[in-house]
Amino acid sequence: MDIRGSLKKILAVALWCILGGGALALLVAAINKKNSSVCKGVEVQINADGKEVFVSKREVLRILEKEGVKDMDEKRMKNFNLQKLEDALRKNAWIKDAQLYFDNNQVLKVRVTEREPVARIFMVSGGSFYMDSSGKQLPLAGTVALRLPVFTGYPSDKPGSRADSALDRQVKDLGLYLKRDSFWSQAIEQVNITPSKTFEMTPLIGDQVIEFGDGNNYVDKFHRLMIFYKKVMSVTGFEKYTRINVQYAGQIVGTRRGGPVSRTDSLQALRNVMDIIRMARKMEMDTATVRDVKPLEKNVITEQNLKSFDFPEDKNEATEQKK
């Protein structure tokens, strides 16, 4: 019985060894066949949607050719160093990621993902650069016109000369939020970085300064600012306050102007803000982008998912709707 059992175990091990060796031989043969195959063409795709903004397909092919990859058609696949080519593409300031691979038809697939700029930064020296969604500083994009949040007073003489990870993270977070929010992207004209590395915002409507504090808890601060717009400034007018301070948790502090405020100017400012709101609503209806918005707490409505901003109804608009 023991001899039979031992023979069975030996046969089972031998059988598995034969099967494993056969599978390994087939795998090696397949790899050798693939390496001996020739490239049948190159296909370049910029971004998942195929829309190129900063890097063209011609530029991608130029980078590949500079790395010695010329006349790629009919070139043996084993002669392609895909890792080296990916690294060369990633050295381009506007390329976030690059993936190269051969498909089953021996076609070289080149998949490039561009960086997403979220803010235009002006330094104290007067120079300028972009910042992307990862906080990386980018050169200006030549003739490409970008509509981005503007930050001034960045404490540096030239791009990359002074790294401040905390400040860069806050600028990146604020820029990304302002860019993607349909209301605040229209309402905030400029963000200034103070010498103490806090933020002061200049709204498009009115001449008051918004003292924002640092870039932490920015969602809550914008939420409180929206409440002040809805509940206070929509009633008193947009010229009554010279400064609005939201930097302290749970507080909104408004500094009143010394002289009287024209009722006509206040009503006009209110109409202008309502125009921005209507534009923001239209942008949200027109876009197919779905944002993953995390509420401040359960059942709290933020300005990003608010369907009605609770401003007084525009009488002219109401009359037109009745018609």
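Could you rank the peptides 57-65, 140-148, 201-209, 45-53 by their average count of other C-beta atoms within 10 Å per residue, with the highest value first? Let's see the in-between values first.
Details: 57-65: 15.8, 140-148: 10.2, 201-209: 18.2, 45-53: 12.7.
Those peptides, ordered most packed to least, come out 201-209, 57-65, 45-53, 140-148.
Binning at 5 Å from 0, report for region 41-114 what percent of all alpha-carbon pair distances ends up in each bin.
Reading upward from the zero bin: 3, 16, 32, 27, 15, 6, 1.
From the gyration tensor of the Cα coordinates in region 111-159, what semi-axes in whole Å does the equivalent ellipsoid have, largest first, with each one equal to sqrt(5λ)? The partial results should precede the final answer.
Details: eigenvalues 78, 25, 20 Å².
Calculated on Cα positions only, the semi-axes equal 20, 11, 10 Å.
Rule-based calculations on the coordinates, nothing more; no lab input. What you see is a predicted model; the values in this text were computed from it and never measured. Note: ideal-geometry Cβ built from the backbone for every residue, glycine included; neighbour counts use all protein chains shown.
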